[in-house]
1. Check each of the GluC sites (Glu not before Pro) in segment 299-384 and keep only those in coil by DSSP with at most 12 other C-beta atoms within 10 angstrom; list them in order.
2. What residues have an amide H closer than 5 Å to that of Thr429, excluding those fewer than 5 places away on the same chain, when H is modeled at 1.01 Å from N in the peptide plane?
3. Nearest 20 debye, what's the magnitude of the dipole of segment 1-113 about its Cα centre given +1 on Lys and Arg Cβ and -1 on Asp and Glu Cβ?
4. Give the percent of DSSP beta bridges with both residues in the chain that are antiparallel, rounded to the nearest 5.
5. Using +1 on the beta carbon of Lys and Arg, -1 on that of Asp and Glu, and nothing else charged, what's the dipole of the chain about the Cα centre, debye to 20?
6. Can you sort Val169, Val186, Val176 by how many other beta carbons sit within 10 Å, fewest first?
7. Using a Cα-Cα cut-off of under 22 Å, which lysines could be cross-linked to Lys662, ignoring same-chain neighbours fewer than 8 residues away?
8. Please name which of Asn148, Leu569, Val12 has its Cα lying farthest along the dipole of the chain towards the positive end, using unit charges on Cβ (Lys, Arg +1; Asp, Glu -1) and the Cα centre as origin.
Amino acid sequence: MKFDRATFLADVERVLHADYACELKSAGRRELYNAVSKAVMEEAYDDWSKEKKSRRRRCGYFSAEFLMGRAIYSNLLNLGILEEVGDALASVGEDLNQFEEVEDAALGNGGLGRLAACYLESAASKDIALDGYGIRYRYGLFRQTFENGFQHEEGDDWLKWGDPWSVRVERDAVLVRFADQTVRAVPYDMPIFGYKNGVVNTLRLWQSEPVQAFDFASFNEMRGEVKANENFNATKITDVLYPNDNTMVGKILRLRQQYFMVSASLQDIVKKYKAAGRDLRTLPEKWCFQLNDTHPVIAIPELMRLLQGEGLTFEEAFDVCHRCFNFTNHTIMAEALEKWDALALSDLLPDVYEQIVACQQRLQGEGLDPNAFYIIRDNVVHMANLAIYVSSHVNGVAEIHTNILKTQTFKNWYERYPEKFVNITNGITPRRWMLLNNPQMARLIDSKIGTLWHTRLPELKKIRPFIDEMLPEFVRIKQENKKKLAAYIAEHEGVQLSPDFIFDVQVKRLHEYKRQMLNALSVLWYYFGIKDGEITDFPPTAFIFGAKAAPGYYMAKAIIKFINEIARLVNSDPAVSDRMKVVFVQNYNVSYAEKIVCAADISEQISLAGMEASGTSNMKFMLCGTVTLGTLDGANVEICEEAGRENNYIFGATVEEVAAIKQYYCPREILEQNPRLKRALETLVDGTLSDDSGMLRKLYESMTTGYEPDRYLVLYDFADYVRVKTQLLHDFGSDEFNKKCLVNMASVGKFSADRSVTDYAKLIWKL
Ligand code: 26Q
């Protein structure tokens, strides 16, 4: 984007006059933020409207989650005016960094939602016509604080600072009908700026509203109570994001949200397609839809319904849906595969349910084994099966994950429809995850190989010949990032970390399968080793955790309490303060991740093999030159293929071994063999740690007793984990170690979301 300082400041001034009746001199932070953003929006209008009017083939990315993070810096970066705007503000005595107080748009839980955000950015940057369709939640993912070590949740009022990066598009509002209510869906469009290429795609988020303005007259007379109630409920649909990650909650409101968003999106698309004078049978020529996991899968029967309402036969509608829809699976966790009670679904959406039944009948007509191929069974609707049956393509998100889908999770389907299954390994955008969060490192690389890597990440391999000469600068920049993170943590968590410590980091949603427990137990194991004098040469290490637990996930919350108690024990013990610190940061989110990822020395990716579909933070750390301490799970496998296993720290049972181990596994035996591990685990119940909630005891029991003690083989993998981790800690700081870091950075090319979206565009979307 062309930038002229005088014009820009005049634009800002004008918005301030019109919207806030104030001037630059008197504007507060909030006013300035809105005015700066709006001024940029105004400048970008022409490019945006050009793309909105374009007639080219498009893909709609249907997702219940878009974890966008903070928009302003990323937008300015992509428009190529980040520095210019910073300088312009400085010239009037204002600091661009003041907008770090602006809330993240946290309309997502974790990996799946952040992936959607990365893909939108990469698609725009690659000039791929991809638009997002989702929900404009009034409250995003909860804000997390710790009180006495327990997680507390507060509502996330992300609109507190206003929403200058969205425009409300009243003219595109549609009605969405449920059996018991009709609501209005109003779209808010957010521009998605490609990186310095003038492309602007759209993220369209739907907000639910009452059909008529609130009727005060009848309210006052207390008449028409049903109507008023209907209107009251309308806004509720998009009130809040469900805070579950990799677990399904069978709440009908969640189904309402899903239907609300896909019905509105499809009505909008169908309406415009017809208005353009086109036959809906040709819809697949111009549109395809990517279903981001099962959450938007109700779009399939909804489109079937809409098309038959427009005169298509069932078979014609089925064919259009088959050619339009594609489905991505993000998890093999049984508890996350979405299922709905058939009666509840048919009560809420009778016409849509009818379409599902028709699909089921069509499937039964294929002459397949009904025990292996079904959509509805025992009065339960299996959304993944519906998606696989109708879609053209089904994809997993890393090689190992796609193989598990083919050989286990969806084995029957794969054998019947092998051509549908493809792998598309996840990726991340290098703009937010390097240029923005690690600018000094980016400049160092630029100085060696130029800037082509900003949009072609495999070019980073060209730093290989410069690795030796880059080492000192690399170390210096990493050190500076650590210093900044330490200052931020001191301010926000009240824990002092020395940047001379090794920063060992595990940040991700809290889930038993991700095994934060394994990490936590190792901290205690080292702690007792040092205290007992058995470990005398422990390299000073800061163990940094960040994670939110779903509010209803008891064990996850217990693990948070456990780690916070470990932090209290360790940090208050002067005997180890020169060698260990533990901190669990509060409210880990995209903006916190940006600060943490560029400051880490160790990237902990330690899920039980076969459980983590891909992982994407592993890629972010790698891009910033951090070695992985991990299992052969998800994309870790491909990270090792690209960077060399010898440049990372791999441990633990492999996916092939896991099933066999579970046959005979006995955690008690392991504890008997490893007294210090036993002692670490027993802190949960022996009074070492304080907890009157009984949570820690329950956690202990989940590891040692019951039907399946230690389901995720934490104790099984422990010995190998600390063996490799100890090796890593001792390798740290040597030239050889630093080279590993840079080899990882040089090998990250494959994990660019630019590559992922290009794969989707070629293999699936045909854009
Ligand atoms: C389903 C029904 C009702 C309520 C909530 C849900 C729900 C919500 C979110 C189920 C699953 C999720 C999120 C899953 C997720 O984030 N999976 C992650 O996706 C990443 C991107 O592909 C992968 O890198 C991670 O490995 C995977 O865990």
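Bear in mind that the values in this text are calculations on the coordinates, not laboratory data. Worth saying up front: this structure is predicted, and the values here are computed from it rather than measured. Cβ placement follows ideal geometry from the backbone for every residue including glycine, while neighbour counts extend to all protein chains displayed.
1. On the way: sites: Glu302, Glu310, Glu315, Glu316, Glu335, Glu338, Glu354, Glu366; in loops: Glu310, Glu338, Glu366.
In loop regions of segment 299-384 (DSSP not H, G, I, E or B), the sparsely surrounded GluC sites (Glu not before Pro) are Glu366.
2. Sorted by chain and number, the residues that satisfy this are Ala753.
3. Working: 15 positive and 21 negative charges, 172 e Å.
Here segment 1-113 has a charge dipole of around 820 debye.
4. Working: 29 of 74 bridges.
Once the DSSP bridges in the chain are tallied, antiparallel ones form about 40 percent.
5. Numbers: 91 positive and 106 negative charges, 296 e Å.
The dipole magnitude comes to about 1420 debye.
6. Working: Val169 15, Val186 20, Val176 23.
If I rank by nearby Cβ atoms, fewest first, I get Val169, Val186, Val176.
7. Lys406, Lys411, Lys514, Lys678, Lys698
8. Going by the charge dipole, the pick is Val12.
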